[in-house]
Structures are given as structure tokens and as C-alpha cells.
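Peer 1: Take a look at the following structure, please.
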Ligand code: 26W
């Protein structure tokens, strides 16, 4: 009976409609006269979810029978976005559902738009984790993602008087059809308490962590279907619950507040995602989140490992754990603790297992982003872990001392503990010491990792431990789903959709770069995508855009190192130049639409001022009839994955203009080029490798090189260097009050005095690069050729390639396709 009825449902129109109506009436308790568009979305989602669950179960069954080595991707962030459209496409059910839903009187595109984003991440790191899950599923790897089920995702951004204001993102208001709560999968997590020393039966001195308070971690599973495979993997997100629901003693004493206090405190742990990107803030609750996540995940991994009763020594052959930045680094300490305190292994046996299990990805070398936690804070929250950290640091420094006798400064530099009042734990050092591989996310970044933050560690461990895995993006979401027009054109030319699982095949599209017919179709798709974006912009800002203009986009988290202020200064320069032009001169100008989008961390004052400057300039520029044909300026509020899906396919040019050496990789740069746009960028991060692939004629590079940056900074600091004349002009114009009360912008303009991010040095080269862009855009056919060639050169930047790199070189895992019998 089980086999008979658990088979995956068929996908003919009538069955889909039946399933839709069954969910509408039975799951949602709706009726035909009470079905709005949102309910229709929910019913559709539940119906699609049934397919996911079937495949998920089959995959799990297959993996437990075959028991292969698995990889566990631990990440505090997963920036998934919407699921419905992506699931339909990956399951190859889009057309079936389109017809079936159409038959019931709804349009699938409308329903897709009803879904709220799962925005459990800040930016690049979180979205990378989501792309990686798509690739792991698509390539049939036995993998799990582990994370936190925040009740509030990244805040919603609204503009009030041109300023960013933040609103809570309570994304679960109407339930979430894509998650399956597993009340049967839960673990206790301890905080605080004390450490007891005792002698065990064999006379060994041992420690145990006792007392304190416990909270419960409950699993919530998010199925991730692969593209054109039966495999469906899982992201397990933990939510916190109180251990005891209610303190009856306090309640009976009439102390109502206290009776719910603990409950509230427990639930708080997974309540909100910290909104900082590339900036460390040492909040206790954040450390609690990290340990809560680490403890629950390890208990789950160990339970799975123990099912097959292998000896502990085989753990690293069965389990590979990837740390997505240092945020889950306590996992290293926690595994060591479990092995020595609970499983009775010796220190050395345990450490050998730990260091053959973990690997760590570094995503930034910016000093302010490197995590360090105050020793007193860790001691209070996790007393046993603090002991273990000191102990492993001691053993580590003894090894360093042996290799470099008497080198006190080296010991100080390499120590896990930063000396001071208070002392701090350097999480990156802990991660590097406890891992068998450390990787950066693009060639340049991986070099910087080796020569800056981990230079001493390379000398100590050898360079083989430090590797590069260049980031990638999933072509399923970022081309097939976001740009169906272009995906269809490519499939037509390549004779099928196989390229979506092997992006290197895109190369064959280069053959059409000179074909005028192909160029026209390619650019017509771009044009339609620009119309789609213009409609969206009209909707959210009221501003009308002409799709004939050059669409120039910079969308990413607001940060001084990303230099959105250089972009807006450039816009001011352009605007004022337009104002000085004669009619005849104006007629030769390439019309431009400059679009910004992105969130600033709520406490990042300068970043928020940059937003205010952009919106202030936009108010003036967009209201000026003299220039309105030639320049429009837009700030799209609340940038998220769904907005990116509209924005990226519609850009002609995108800007990735970080000061050289600061952007580890960037991943939207890859998405833009894949969608037939060109990059204006600095010689930084993955821009460099994109340049190598597309060729120097198909990317606009400018600016100081990484190797020059330090000298330029030094020079600026000690030799009264005058600010770039054009930049001075822009500053003067802002100070004239032309864009509103200039007093509010003074703190932003003040940053240009020390100019750490080299805006002045790069400003003229930036404007010159812009002129090259304008000139190139005038030749429609040549521009189309550039875009086609560039897009067709992007094979390397599929996250499938990144994942295969990790799997072969670091994780040592192989694909396990779920076969028919499961
Ligand atoms: C502790 C505060 C904090 C929070 C988040 C520090 C650092 C982060 C992330 C590592 C920031 C981040 O998302 N970094 C980005 O990672 C992307 C994926 O590798 C890269 O493409 C970006 O260049 C990098 O900025």
C-alpha cells in the first residue's frame, strides 16, 4: 500500500488542477467563492511542494541506503528569495502548471508575484550559499545546508524624505508553504553554567559542562530541488523554543511576567537576522545565535553518523563540514568538546578528527569585518569552550615556537587570542587552525588572503592549505528563470537545455556574435527586459524611463568600499556638464538612466548619507526639463532577490567599482554579464577573471591597481595631495546647496579628506571610462557584439563549477544520483 500511494503524482493538467483544489479546500479551508490571488498562490505552492517532498524522501532514502560521505554547508545566512517559479522550472513543471492554473482562471505569473522573499541573508555571502545549494542539488551531491530560521529577515527598506528607514521583515505572517516543521527533530542547547573537573573510572582527569540554562532547537526543512534530476536536498533551519513552556512556580506565585520571561528569551535567539554586512558588531545575542546554530547542527550530524555505528576515526571519511566565513567557527570547538568530554577520546585523537573534517571559506579581508569576540563574553556564555580555545591556542603556539624559536612577535601575531583589556578571540585564526583547507573566493582575493591576514599561517602550515575557489552563480535562477527570453534564444541555438547544466557550452554562442539577425534578437530581448524594468520603476517611484537610454545599474549593499558615492559624484558631474551644453552638443549625447539599489546597515551613518545624496540629486535631476531627455536618476527601494531578478536582465551597463583589493569577489557582476550587460569596473575581485574570460574589449576597466593602493594612501597621508579638480567641482556644487541643504552632506564630504577609498585618485579615470562607454554604446551593432561575446564567455562562472571545485579538491565527495527504485 505504501509503495502504491507514495509514488510521485502525475503532472497532467487534470491531476494538477485536482491537487490545487484539494489544497485550496482541505489545506487552506477555502472555497471557490473565497479564492483570491494570494490563496491561489498558496494552493499552487502546496501542490508543488508535494512534488518536492516526494523527491526529497526518495533522495533521503537513497542516501541512507548508500551512506556516502556527505558535505554539510554551515551558513548563518541563506538568501533564497522566492521559491515557486524556481521550483517549477527545476522540476520542469512550469508549462504544466501554466496551463492547469490558467484553466482554473489564474495566471501563473501573477501567482509567482504573490510570494514574499525568504530574505535570510545580507548580501553576497547569503546569496552565494543559496546558489551553492541549487548547484549541489543539481549535481546530485549528498549535501545538507544548515542555518537559522530567522523570523525576521533582512529589514525592509523604505524611503522617507529620501532617507532610508527600516521596517521589520516579518516574512512568516501568512505561513510558509516551503518549509516543513520537524517537531520530531529537536535538540537541547546549553548556555552558561559551570565546568566540573573529575577523575573517570580509568583514572583520567576529565571535564564536564553542567548547569546553566537550556533551550530547544527545532528543525525546519526547506527542500531544494535540483534542475532536471530527481535529487532534492535540504536546508535545515533551526528555530529556538523554550525548554519548559511555562514557569508554573512563578505563575502560581502571581509573578506573571517572570513566568513568560524565559520563554521569551529562548524564542528571541532565532528572532532576527543581524543586518550588518562586512562589519562586525559584538552583540551577545549574535554569539548566542552562533552557538545555538552550531550545537544543534553538530548534534544532528553526529546522530546521522552514529546510525551506521562506525568508529569515530572514520568521521572525516563520512563527514565534511564547510564553514561559510567565520560565523560558524565555534563548531570546531564544539566538536572538540563533544569528542573529549562526552565521547571520551583523547585530546590528540579528537583534534585529528576535527582538523580532517572542517574547511573554511574567507569572504573578506577588510579588518572591520573580521570577527573577534571578547574573552569575558565567551567565558560567561560558553565556559567550557573558552577553556578549550585557550588550550588549543597553547598547543598551537607551542608548535609555532618550535618552528620559529624565540620569535615573540610572530607568536603575538598568530595567537588566537588578541592581547588587551579585554582579550579577544580571533575567529579567523581559530577557523584556519581547525581546518584542513582555507579558501578565498576569487584569484586576487585568495592571493590577498595568503599575503595579508594569513601570511604567517602560510609560512607555518605550507601554502597547499590555502586555495582559491572562484565564486559562481546558478544559471537556473539567474538566467533561465530571471531572463526567460534569453534562455529560450540560447536553447534554440544550442539545440536544447543541456547548457543549463554545463554552462561551458555557452561558448558556442560566440559564433553568432557577428550575425546581425542574432544581434537583433539578442538586443530585442534586452529591450523587452528594459521595458519590464521601466514598468516596475514607474510603479514604485512614479518616474518614466525610456528603454532607448543606456541603463546603468549599481545595486549592492551600501558601503564606502563599494564606492556608490563615486558613482553619484559622477552623475552630478554628468548633469552639470549637460546643463552647460548647447542644443547641438546635447543632440550627440547618449541618453542615460542611472539606477541605484541597495540597503545600508541601520547603524552605518555614512552609507545612509550616500542614499540621501542619491535621492536628493534624483529630485533635482528628474525634475529638470532641460536635461530630462538625457539623464534620469533612480533609487529603487528595498533591493532584494526578486528586485534583482528584474533589474539584472535589464541592464546595459553595471558598475562594480570597489577600491582595488577590497571586494573579495562580487557575484552580481557575473549575473549582469551572463544576462548580456557589460561591466564598468575596477581591477578587483572576480572582475579580473571576468575580464580574462570576456576579453579586454568587452569590459570597461579603470582605476588604481591593488599593488598601488597602499603607496597612494601613504602618499595622500604625508604629502598634501590636492583633490582631483573635477571632484572638487562636484563637491563645490553640492556645497552650493543645489541639491538641498548641504550641511547634511558635510560628514560624507568629510570622508574625502583622508580619502581612504581613493575616490580622488580614481575619479578622472572613472569619468574617462564612462566616456568610452558612451562612445561604444553609439554603435549599436558593435555594442551588441560585445554583449553577446561577453555573455557567451561566462561558462566559468556557474556555481556548478565552483561546487565541483569544492567537491573534488576540498570535500572529497562524489555525486549520488537518486535512481528510479527510490
Ligand atoms: C560579522 C559581520 C559580517 C557579516 C557578513 C562580516 C562579513 C560578512 C560577509 C562575509 C560579507 C559578505 O557577504 N561578503 C561578500 O561575500 C561574497 C561571496 O563570497 C563576495 O562575492 C563579496 O565580495 C563579499 O563582500
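Read-outs: derived from the displayed coordinates by stated rules, not from any lab. Worth saying up front: this structure is predicted, and the values here are computed from it rather than measured. Note that each Cβ is placed from the backbone with ideal geometry, even for glycine, and that neighbours are counted across all protein chains shown.
Peer 1: Would you compute, from DSSP H runs of 4+ residues alone, the mean residue ellipticity of the chain at 222 nm, taking -39500 (n - 2.57) per run and dividing by the full residue count, rounded to the nearest 500?
Peer 2: Taken over the chain, the calculation gives -14000 deg cm²/dmol.
Peer 1: Another question, if that's okay. In nanometres, what is the gap between the two model label sites at residue 781 and residue 281, each 7 Å from Cα along Cα-to-Cβ?
Peer 2: In this crude label model, residue 781 to residue 281 measures out at 5.5 nm.
Peer 1: For the range 64-123, what class follows from the C-alpha gyration tensor (a ≥ b ≥ c being the square roots of its eigenvalues): rounded when a/c is under 1.5, otherwise prolate if a/b is larger than b/c, else oblate?
Peer 2: Oblate, since a/c reaches 1.5 and b/c is not below a/b.
Peer 1: Still on this structure: Under a crude label model (7 Å from the Cα following the beta-carbon direction), how far is residue 493 from residue 402 in nanometres?
Peer 2: Reported label-point gap for residue 493 and residue 402 is 5.9 nm.
Peer 1: Still on this structure: Please list 304-311, 25-32, 334-341, 60-67 highest first by mean number of surrounding beta-carbon atoms within 10 Å per residue.
Peer 2: 334-341, 60-67, 25-32, 304-311
Peer 1: First check a/c for the chain, with a ≥ b ≥ c the square roots of the eigenvalues of its C-alpha gyration tensor; if it is under 1.5, answer rounded, and if not, answer prolate when a/b is larger than b/c or oblate otherwise.
Peer 2: Since a/c reaches 1.5 but b/c is at least a/b, the shape of the chain is classed as oblate.
Peer 1: Please figure out what share of the DSSP beta bridges in the range 533-790 is antiparallel and state it in percent, rounded to the nearest 5.
Peer 2: 0
Peer 1: On to the next question. Give the separation of the Cα centroids, the range 197-257 to the range 604-643, in Å.
Peer 2: For the range 197-257 versus the range 604-643, the Cα centre distance is 46 Å.
Peer 1: Between the range 747-811 and the range 427-454, what's the alpha-carbon centroid distance in Å?
Peer 2: For the range 747-811 versus the range 427-454, the Cα centre distance is 24 Å.
Peer 1: Quick one: 360, 605, 575, fewest Cβ neighbours within 10 Å first, how do they rank?
Peer 2: Fewest to most other Cβ atoms nearby, the residues stand as 605, 575, 360.
Peer 1: Taking only C-alpha pairs under 8 Å that are 6+ residues apart, what is the relative contact order of the range 34-136 in percent?
Peer 2: For the range 34-136, the relative contact order is 41 percent.
Peer 1: Using only Cα atoms, locate the centre of the range 1-68 and the centre of the range 141-191, then give the distance between them in Å, rounded to an integer.
Peer 2: 23
Peer 1: Now a separate question. Can you tell me how the range 419-565 classifies by the Cα gyration tensor, rounded, prolate or oblate, using a/c under 1.5 as the rounded cut?
Peer 2: Because a/c hits 1.5 or more and a/b fails to exceed b/c, the range 419-565 counts as oblate.
Peer 1: Restricting to the chain, what percent of DSSP beta bridges are antiparallel, rounded to 5?
Peer 2: 45
Peer 1: Before anything else, pin down the relative contact order of the chain: Cα pairs under 8 Å, at least 6 apart, normalised by residue count, whole percent.
Peer 2: Normalised by residue count, the contact order of the chain is 14 percent.
Peer 1: What is the extension gain from residue 342 to residue 710, computed as 0.36 nm multiplied by their sequence separation minus the C-alpha to C-alpha distance, in nm to one decimal?
Peer 2: 127.5 nm
Peer 1: Zone of residue 717 (label point 7 Å along Cα→Cβ, backbone N under 20 Å): which residues in the range 747-763?
Peer 2: 750-762
Peer 1: Give the relative contact order (percent, whole number) for the range 533-790; include only Cα pairs under 8 Å separated by 6+ residues.
Peer 2: About 21 percent, as a whole number.
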